[in-house]
Amino acid sequence: MKNVQSEVPAKAVKASSVEMVEVVLPNDANTFGTLFGGKVMQLIDIAGAIAARRHSRHLVVTAAVDSLAFHHPVKVGDLVILKASVNRTFKTSMEVGVKVWSENTISGELKHTASAYLTYVALNKKGKPTPIPSVIPETGEEKRRYDEAAFRRDSRLSSCAPEVNR
Ligand SMILES: CC(C)(COP(=O)(O)OP(=O)(O)OC[C@H]1O[C@@H](n2cnc3c(N)ncnc32)[C@H](O)[C@@H]1OP(=O)(O)O)[C@@H](O)C(=O)NCCC(=O)NCCS
């Protein structure tokens, strides 16, 4: 596939996908004995940044995190499972989707806990945004996410730069 963004050949989504598993320890809990929301946000950002670095093969910074909702609490002792993949690439930025589940290791019950979309920008050695390879969506789900990412980018950029739209 021709790559219009950088000299590096385009890559499949699966080439940079991440699955991260952590045990929830008491140190990560809030006063209710469930995983502290800020810790979930940290894990989401780490999983997303790993996917972005693997895809771009550059250091990246988080430019934006879209709204984040927590659907279920995660108890101490449960596993927290994060899956991150590059939904769409632009010139120097990429949208990464991160989905979070909890797993009770005794019952095996899985619960969808949170989802987030993050935008990362690849930086060169001078710390400036640098072109990244295109991503190739292959499965039906990857293609849907790819298409939807364009709309999310439009609304994200219009809401973060209101002066441009006046
Ligand atoms: C993100 C950052 C590198 C953008 O720098 P900049 O000088 O504005 O660069 P540009 O205007 O050339 O934009 C570069 C890319 O970032 C994207 N971008 C910038 N701000 C964005 C935002 N709020 N949301 C989504 N994308 C954004 C641009 O759309 C552009 O993408 P493209 O090349 O794919 O079209 C800069 O704002 C920055 O360093 N921010 C702080 C990042 C940080 O500290 N994060 C937390 C810790 S990692």
- Give me the pairs, please: first residue somewhere in region 110-135 and farther than 10 Å from residue 94 by Cα and free of Cβ contacts under 8 Å to residues at least 60 places away in the same chain, second residue anywhere and basic (Lys, Arg) and part of a strand (DSSP E or B), beta-carbon distance under 9 Å, and either six or more positions apart or on two chains. 112/99; 115/99
- Task: Filter region 1-19 down to the residues that are outside any loop (DSSP other than H, G, I, E, B) and surrounded by 15 or more Cβ atoms within 10 Å (Cβ to Cβ), then identify the one that is nearest to the chain's Cα centre (by Cα).
- Result: 18
- Top-ranked residue in region 101-147 [being touching a Phe, Trp or Tyr at 6+ places or on another chain (Cβ under 6 Å) and aliphatic (A, V, I, L, M); ranked as nearest to residue 83 (Cα to Cα)]: 114
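Considering each of 74, 60 in turn, give the residue that is within 12 Å of the ligand (Cβ to nearest atom) and buried (at least 20 other Cβ atoms within 10 Å of the Cβ).
Numbers: 74 fails: within 12 Å of the ligand (Cβ to nearest atom).
On inspection, the qualifying residue turns out to be 60.
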- Query: What about residue 39, is it in a helix (DSSP H, G or I) and touching a helix residue (DSSP H, G or I) at 6+ places or on another chain (Cβ under 7 Å)?
  - Reply: yes
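Quick grid of which residues meet (1) closer than 29 Å to residue 74 by Cβ; (2) of a type in the set (D, E, K, R):
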residue: 117; (1), (2): yes, no
residue: 127; (1), (2): no, no
residue: 132; (1), (2): no, no
residue: 139; (1), (2): yes, no
residue: 142; (1), (2): yes, yes
residue: 145; (1), (2): yes, yes
residue: 150; (1), (2): no, no
residue: 155; (1), (2): no, no
- Name the pairs whose Cβ atoms lie under 8 Å apart, with the first residue in region 66-85 and basic (Lys, Arg), the second at pLDDT below 95 and surrounded by fewer than 15 Cβ atoms within 10 Å (Cβ to Cβ), and 6 or more positions between them or separate chains? 75/33
- Note on the structure: Exception for residue 81 within (1) surrounded by fewer than 17 Cβ atoms within 10 Å (Cβ to Cβ); (2) closer than 30 Å to residue 32 by Cα falls at (1)
- If we ask which residues in region 23-36 are part of a helix (DSSP H, G or I) and in contact with a strand residue (DSSP E or B) (Cβ under 6 Å, 6 or more places away or on another chain), their number turns out to be 1
- May I ask you to say which residue of 33, 38 is surrounded by fewer than 18 Cβ atoms within 10 Å (Cβ to Cβ) and either within 16 Å of the ligand (Cβ to nearest atom) or closer than 30 Å to residue 132 by Cβ (or both)? 38
- Kindly check whether there is at least one residue in region 146-165 that is more than 16 Å from the ligand (Cβ to nearest atom), of a type in the set (Lys, Arg), touching a strand residue (DSSP E or B) at 6+ places or on another chain (Cβ under 7 Å) and closer than 30 Å to residue 22 by Cβ. no
- Note on the structure: In the set 138, 22, 95, the lone residue that is exposed (fewer than 14 other Cβ atoms within 10 Å of the Cβ) and either at pLDDT 95 or above or within 23 Å of residue 153 (Cα to Cα) (or both) is 138
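The values are calculated or read from the model by the stated rules, or taken from the named source; none is laboratory data. Bear in mind that the values here come from a model prediction, so they are computed numbers and not experimental data. Positions of Cβ are backbone-derived with ideal geometry, glycine not excepted, and every protein chain shown enters the neighbour counts.
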